[in-house]
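Every number here is computed from the coordinates shown, using simple stated rules; none is lab data. This is a predicted model, so every value here is computed, not measured. Counting neighbours? That spans all protein chains shown, and the Cβs are built from the backbone with ideal geometry, glycine included.
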Amino acid sequence: AAQMVEAIVRDQKRVFPVCAWLQGEYGLKDVYMGVPVILGRKGIERIIELKLNKDEQALCDSSAKAVKEVMDVLDKMQVTA
């Protein structure tokens, strides 16, 4: 975490794995997923889209579906983060 803060404060443009809000990256939308990003002065400067093979994409899609299902349950319970 300290390295992430340093990357932001010093605008280092370093790559870190973080949980980011996806809006089309990896073919996913409206879901938080752990993905590689470039961190700099503005926080997440860019989401890095790795090329996934068919099996990897299927696993990613499955994970996103599970996350969305949990988000839906929390929405129904009116739980906020």
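For the stretch 22-35, name all the residues that are loosely packed, with under 13 Cβ neighbours inside 10 Å and under 18 Å from Ala66 (Cβ atoms). Across the stretch 22-35, the qualifying residues are Gly27, Lys29, Asp30, Gly34. For residues that are polar (S, T, N, Q) and loosely packed, with under 12 Cβ neighbours inside 10 Å, scanning just the stretch 54-80, find the one that is farthest from the chain's Cα centre (by Cα). The extreme case among them is Gln78.
Per the conditions (1) exposed (fewer than 12 other Cβ atoms within 10 Å of the Cβ); (2) assigned to a helix (DSSP H, G or I), the sole criterion not satisfied by Lys51 is (2).
In the set (1) assigned to a helix (DSSP H, G or I); (2) in contact (Cβ under 8 Å) with a residue 40 or more places away in the chain, the condition left unmet by Leu59 is number (2). Residue pairs whose Cβ atoms lie under 7 Å apart, separated by 6 or more positions or on different chains, with the first residue in the stretch 14-25 and free of Cβ contacts under 8 Å to residues at least 60 places away in the same chain and the second among the acidic types (Asp, Glu), are Glu25/Glu49.
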